[in-house]
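All remarks here apply to the structure that follows.
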Amino acid sequence: MTTPRISDNSPGTLSFPEYKGLYALIVSEVEGLDAAHLDFISDRWSWSGWSIRRQLDHVASIIYRWLLLRWGKTLFPHDGPLYGFTQPDYDNRIDERPYRELPEIMEKLRHGIDLAQSVLRNHTVGFLRSHTYTYPTDEYTDVIRRAHPIGLTVSGDGLTELITIEATFQHIYFEAITHLYNIQRLKRAQGLATVVNLPRVGYWILEGWDRSEP
């Protein structure tokens, strides 16, 4: 993950080499699953209310919502409103009407990860660290802050938080790995074997996180 030792003049890819293998990590876990596997939900565990399909859809949407809707004017000042892949209201998933089937969701996920990598290639670490975005706090703020040693600051009144582009990339990756953990649990709940060795990073390894198993 990111480290202050990396020079501000370095390309952003040096801070986040894990993005290169992120798509392969996720697709390996969901290849071959049928509709019943993808849509399984249960009220038995707190993490099983979202299906595998929705977990994937959410991970794809995170990239677009952050890089285009929130950071779009900073990252793409000359490219216009690149909002074609997300809903305009910060919803937590991409529009299910055109992107309902697994291949379509995975295509959008791949495109989003490619977009993230292009941003990292085209901007320096210093650029990623020097730009900030402010948005309201919510019930997840304390959890997110515990996972981010740098780049995220909560205001004195606790109403807003300020995040850098660098911390945004860390947040996107942490979200992806945490939802992949949920996907693995959803597979185990259905008696299916998991495929990948999950990186021990992100929100799911924090103290107090619900790591209950089927």
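Selection over the range 195-208 of residues that are surrounded by 15 or more Cβ atoms within 10 Å (Cβ to Cβ) and of a type outside the set (A, V, I, L, M) gives a count of 4.
Restricting to the range 153-170, what's the tally of residues that are closer than 24 Å to Phe76 by Cβ and of a type outside the set (S, T, N, Q)? Of the residues in the range 153-170, 7 are closer than 24 Å to Phe76 by Cβ and of a type outside the set (S, T, N, Q). Would you be able to say whether some residue in the range 50-70 is modelled with pLDDT under 90, surrounded by fewer than 23 Cβ atoms within 10 Å (Cβ to Cβ) and over 17 Å from Arg110 (Cβ atoms)? Checked against the condition, which is being modelled with pLDDT under 90, surrounded by fewer than 23 Cβ atoms within 10 Å (Cβ to Cβ) and over 17 Å from Arg110 (Cβ atoms), the range 50-70 yields at least one hit. Only a single criterion out of (1) closer than 30 Å to Ser130 by Cβ; (2) at pLDDT below 90; (3) buried (at least 18 other Cβ atoms within 10 Å of the Cβ) is not satisfied by Tyr99, namely (1). Between Arg188, Arg121, Arg110, the distinction of being assigned to a helix (DSSP H, G or I), modelled with pLDDT of 95 or more and closer than 18 Å to Trp71 by Cα belongs to Arg121 only. Scan the range 24-75 residue by residue and report those that are assigned to a loop (DSSP other than H, G, I, E, B), in contact (Cβ under 8 Å) with a residue 40 or more places away in the chain and under 19 Å from the mean Cα position of the chain (by Cα). Those that are assigned to a loop (DSSP other than H, G, I, E, B), in contact (Cβ under 8 Å) with a residue 40 or more places away in the chain and under 19 Å from the mean Cα position of the chain (by Cα): Trp50, Ser51, Trp71.
One residue alone among Pro149, Pro214 is more than 18 Å from the chain's Cα centre (by Cα) and either outside any loop (DSSP other than H, G, I, E, B) or surrounded by 13 or more Cβ atoms within 10 Å (Cβ to Cβ) (or both), and that residue is Pro214.
The values are calculated or read from the model by the stated rules, or taken from the named source; none is laboratory data. The model shown is predicted, which means the values in this text are computed figures rather than measured ones. All Cβ positions, even for glycine, are placed from backbone atoms using ideal geometry, and neighbour counts span all protein chains on display.
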